[in-house]
Amino acid sequence: MERATFKVLFYIKRARKLKNGAFPICARITVNGTRAEFRIQRSVKAKEWNTANGLVKDSSMDADLLNEELHLIRAKPYSQRLELETKGKSVTAESIKKAYLGVEETSRTILQVFKEHNDRCKSLIGIDFAPGTYERYATGYLHVERFMDFMYHKKDMKLSELSPQFVKDFEFYLKTERHCAHNSTTKYLKNFKKITRLAMTNGWLKEDPFRTTKFHLDKVDMDFLSKEELDKLINTKMGMARLRHTLILNGRSSGKPTFQPLEKQFNFPAFFIQ
């Protein structure tokens, strides 16, 4: 993962002149071109400030002491950036500022990121996504939600809690508790991997929980109707009431048959449904 560009500098806020004629010193943190600023509870008169290096001029009173404090303050955001990176948290100008000020930043959660993705996907139906794609992600969200409640007795979990073991347990849950076939399980895992990759791209997740996972799909032999069976089906007329209660066997090769109404399986001619 590419490391963020990072810079810390000091400046005086000339628009906030204090009663003693001095100006407050502020710190500015810049990460990838985005800034976050805050006051450091120190002040200096304008004539004593060196704008070029962001320090107090040597000729001013107590310059050495104040500059030493500024150097110490400047070093702190660097150590906090390293701590955020180590914990796999988002490294932004705002997150470093909050860490410096002691304001705890709420970590993003698995379902939070999943929901944000699904909401975006839903708004792009007919543009970038098909309705079926959104439905698969929505179902995947429910599976992850129920899995965490079943396995960990939690309604949601932090992204930092994701691990290869989480993925293995989720796969086992889908196959045993939800009775998903291997190929269906693989598709749900692939969709979930896209969510974790999104979190990694945004810097919210450091380690890839799918780093030990390899995907493969089982070959499925489909059964087809013969020409005689198709001709008979096309030339048969039946009422709608009977048609809606007529079920066909689907997925014979999977060993787990499912039944669906005929009108959902075929595009019947207009004369067929009467």
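The values are calculated or read from the model by the stated rules, or taken from the named source; none is laboratory data. Because the structure is predicted, anything quoted here is derived from the model rather than measured. All Cβ positions, even for glycine, are placed from backbone atoms using ideal geometry, and neighbour counts span all protein chains on display.
Observations, loosely collected:
- Hey, GLU69 of a type in the set (Asp, Glu), at pLDDT 85 or above and touching a Ser or Thr at 6+ places or on another chain (Cβ under 7 Å) or not: no
- Residue count, the range 196-205 (criterion: more than 8 Å from the chain's Cα centre (by Cα) and crowded, with 17+ Cβ neighbours inside 10 Å): 2
- Residue check for ARG197: in contact (Cβ under 8 Å) with a residue 40 or more places away in the chain and in a helix (DSSP H, G or I): no
- Here ILE195 passes the criteria (1) β-branched (Val, Ile, Thr); (2) under 30 Å from LEU84 (Cα atoms); (3) in contact with a Pro (Cβ under 9 Å, 6 or more places away or on another chain) except the one numbered (3).
- Subset tally (residues that are in contact (Cβ under 8 Å) with a residue 60 or more places away in the chain and surrounded by 16 or more Cβ atoms within 10 Å (Cβ to Cβ)) for the range 31-59: 2
- Scanning the range 153-180 for residues that are part of a helix (DSSP H, G or I), more than 16 Å from the chain's Cα centre (by Cα) and either acidic (Asp, Glu) or loosely packed, with under 13 Cβ neighbours inside 10 Å (or both) turns up GLN165, ASP169, GLU171, THR176.
- Scanning the range 61-115 for residues that are farther than 21 Å from THR5 by Cα, surrounded by fewer than 17 Cβ atoms within 10 Å (Cβ to Cβ) and of a type in the set (Val, Ile, Thr) yields VAL103, THR106.
- Within the range 133-147, residues that are assigned by TED's automatic domain parsing to the domain that holds ASN191 reach partners that are not in a helix (DSSP H, G or I) with beta carbons closer than 6 Å, at six or more positions or on different chains, in the pairs TYR134/ILE125.
- Against the test of being in a helix (DSSP H, G or I) and out of contact with any Phe, Trp or Tyr (no Cβ under 7 Å at 6 or more places or on another chain), the options TYR100, TYR141 yield a single qualifying residue, TYR100.
- Filtered residues of the range 50-102 (kept if in contact with a Pro (Cβ under 7 Å, 6 or more places away or on another chain) and closer than 20 Å to PRO24 by Cα): TYR100
- Checking each residue of the range 72-83 against the condition of being in a loop (DSSP other than H, G, I, E, B), modelled with pLDDT under 85 and not assigned by TED's automatic domain parsing to the domain that holds LYS190 gives no match.
- Residues in the range 182-197 that are under 13 Å from LEU162 (Cβ atoms) and of a type in the set (Val, Ile, Thr): ILE195, THR196.
- Count of residues meeting criterion [in contact (Cβ under 8 Å) with a residue 60 or more places away in the chain and not in a loop (DSSP other than H, G, I, E, B)] in the range 200-236: 1
- Number of the condition not met by GLY88 [criteria: (1) in contact with an Asp or Glu (Cβ under 8 Å, 6 or more places away or on another chain); (2) modelled with pLDDT of 90 or more]: (2)
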